[in-house]
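Single-structure report; data block below.
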Amino acid sequence: MLKAILTFDVEEFDVPLEYGQQITMEEQIEVSTRGTLLLKALLDKHQVKSTIFCTGQYALSQPELLKTLAEKHEIASHGMYHSSFDAKVDLPASKKLLSQITGQSVEGFRMARMMPVENQDIADAGYVYNASLNPTFLPGRYNHLDKPKLPFVQDRLWQIPATVTPNLRFPMFWLSFKNLPFSVYKMFSNSALNRYGIINLYFHPWEFTDLSAYTTIPAYVRKHSDRVLLQRLDDYITWLKAKGVTFITMKEYVEELKLKSNTK
């Protein structure tokens, strides 16, 4: 059975700050919320579940929305803040906060921007899996060409890598989804599904809003935003469903992995 994990990093929209454009926290939250509501409607339309990695700061600003999302989707941690990180404080604090708001057991963590984080700190905070690995090379970000492309256990944690193409390790993350010709992205998806049996993709709600006002952001980030990107995701989900792909949460996937490892 072919499977797909759709994940969304629900966070403060701080991208303009990276490129020298000022934006208030209120606007950061508003942009992210606008995109989150659009995605919620799309996922409801297709009756598809996902995993939402949420920052504590966003959760505090929109607790009712997070509660509603938790009714159908897995809630996992994206740290307390998107622009700063104190492992010893933020890892347990975000886990506790998200659990209190949603009533869910929060088992997963993804570091902001997939930056390095100590597995020991994540495990000590009580998480079961770490979804902070993109096993590819991104100039100026990271080089993980030596890392496994499939899940593995390290330091008491399940490591769940984002999907890359089987041979070239071309990343299938959000930038690829919006910038590649749709036919090429579907070709890469077929290749990954045929090799791995599953794809694990990640996006951000703010991508699905109008980014034209944020002129300092590079064109390859602003490209295909707003309703154009939402329609592409709509079409992509429809395409996957037509192939018989089942959508699962990352927590469900980890449970499958644990079951398989225990039966060996």
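List of remarks:
- Candidates per trypsin sites (Lys or Arg not before Pro) in segment 50-95, loop by DSSP, up to 16 other Cβ within 10 Å: Lys72
- Given charges at beta-carbon only (K, R positive; D, E negative), |dipole| of the chain in Debye: 1180
- One equal scatterer on each Cα of the chain, no solvent, Debye formula: the resulting log10 I(q)/I(0) at q = 0.12, 0.15 Å⁻¹ is -0.69, -1.15.
- Between Val245 and any residue 5 or more places off or on another chain, the built amide H atoms are never under 5 Å apart.
- Cα-Cα over 18 Å, subset of Lys3/Lys149; Lys95/Lys149; Lys72/Lys251; Lys40/Lys95: Lys95/Lys149; Lys40/Lys95
- Estimated inter-spin distance, Asp234 and Met187, nm [label 7 Å along Cα→Cβ]: 2.7
- ³J(HN,Hα), Karplus 6.51/-1.76/1.60, whole Hz, each residue of segment 52-57, x for Gly, Pro: 10, 8, 10, 6, x, 4
Any read-out appearing in this document is the output of simple, stated calculations on the displayed coordinates, not a laboratory observation. Predicted, not measured: the structure shown is a model, and the values here were computed from it. Cβ atoms come from the backbone with ideal geometry, glycine included; neighbour counts cover every protein chain shown.
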